[in-house]
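Derivation of every value follows stated rules applied to the coordinates shown; laboratory data play no part. Because the structure is a prediction, the values reported are computed rather than measured. Cβ sites come from the backbone with ideal geometry, for glycine too, and all protein chains shown count toward neighbours.
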Amino acid sequence: MDELDKMIWQTVDAIPYGQVMTYGQIAISCGYPGYARYVGTVLKKLPPDTHLPWHRVVNAQGRSSFPEGSEKYREQLQRLLAENIVVNNGKIALSVYQYQ
DNA sequence: AGTCTGACGGGAT
DNA sequence: TATCCCGCCAGAC
């Protein structure tokens, strides 16, 4: 799955500022439908100091997949807000911010 | 080989 | 809208 890992990195790296993509959507665009969970495991392996915009990846419900209240959860929302993305009660309007 | 664990998703209720 | 439940898939044991 090393090739897939690279494709996922590239896909995430290509998400424009101010927009987001879902795990499942990334898996599909990489040619691996059904690999949403794997996208998550790949992002989890990223080094803490990565430059990849991992915060632009949310789940199909338009929410952060980190436990509410956790450090990562707050960091992701903070980064999204910094990109002028509106977050209502932890929810992001995919109809507005999802990158196609 | 069997079981459990996730940064998941979708359908049923 | 909110749970709940089940299918999904690689990886760690």
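Over chain A, DSSP H runs of length four or greater, each weighted -39,500 (n - 2.57), average out per residue to a 222 nm ellipticity of -12000 deg cm²/dmol. The calculated FRET efficiency for A:Glu3 paired with A:Gln98, based on their beta-carbon distance and R0 = 30 Å, is about 0.75. Under a cut-off of 24 Å between alpha-carbon atoms, report the lysines in cross-link reach of A:Lys6, not counting same-chain residues fewer than 8 places apart. Cross-link targets: A:Lys44, A:Lys45, A:Lys72.
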